[in-house]
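Take a look at the structure set out below.
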Amino acid sequence: KQEVTQIPAALSVPEGENLVLNCSFTDSAIYNLQWFRQDPGKGLTSLLLIQSSQREQTSGRLNASLDKSSGRSTLYIAASQPGDSATYLCAGAGSYQLTFGKGTKLSVIP
Amino acid sequence: NAGVTQTPKFRVLKTGQSMTLLCAQDMNHEYMYWYRQDPGMGLRLIHYSVGEGTTAKGEVPDGYNVSRLKKQNFLLGLESAAPSQTSVYFCASSYGRAQYFGPGTRLTVL
C-alpha cells in the first residue's frame, strides 16, 4: 500500500525567501506525482504534475522534482510571497487513484 | 466551463438520516472520484468510477454508496448517516492522470 509523507507539517518563512517542501512515498511504481494547493475552506488547486518518466516540472516560481529511485519529490518556491500562504499537498498516482500526504501548511510572513 | 461542481456546499444531518451529494463535471472526463478530508487524516478515497455505469471501492467505502448513471455526474449517497461521517467531501475528475477537484461539501452529522 502506498504511503505518502510530507515534512514538515508546518513552515513559517519571511517574505522573499526561497523554500523547499518535501514529499516522500513508499512505492516507487507511481504513474505520476501531483502537487496541490489548498486555501482554508476551499478545494484543491492543481499546481504541477510530474509524470513518472520526468524528473521535474516548472510553472512560474514553482519547480517540482521527482526522484522515483529514492521515493522523493520536492516543491521549490522561489521568492515567496504572502499570497503563497496555504497548505500544500502532494499525491502519488497509482493505477486509478491518488494517495495523498497530510500536507505542509506554509505561512509567508510580510 | 464550470469544471467540477458539487451540490450542496453545506449540510447538517441528524444521525440516521439519508442524503445524496451530487458531483457534476463538464470536461468530458472518464474518471471521477469521491474523497473525504478529515483533520489529521488527510484526503482519503471513498469510491471512484472509471466510466459511465461503473464504480469501485476506495480506501474507506463503508457507509457510502455511489452511482454513475451519466458520464458527467457522480452521486455519493449516505443511507443512514453517522457522526463519524462528519467531514468535508471532495469530488474530482480526471483525464489521463491529472485530477481536478470541486470546491467541497461540508457535512455535519449530529
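Read the figures in this text as sums done on the coordinates, not as results from a lab. These figures come from a predicted structure and were not determined experimentally. Here Cβ is always computed from backbone atoms with ideal geometry, including for glycine, and neighbour counts include all displayed protein chains.
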Dipole-positive endmost among B:A92, B:Q25, B:P103 within chain B (Cβ charges, Cα centre) | B:P103
With r defined as the distance between the Cβ atoms of A:A9 and A:S70 and R0 fixed at 25 Å, what FRET efficiency is calculated, to the nearest 0.05?
-> 0.75
Sequence-distant or interchain residues sharing an amide H contact under 5 Å with A:S107, placed H: which?
-> A:L11, A:S12, A:V13
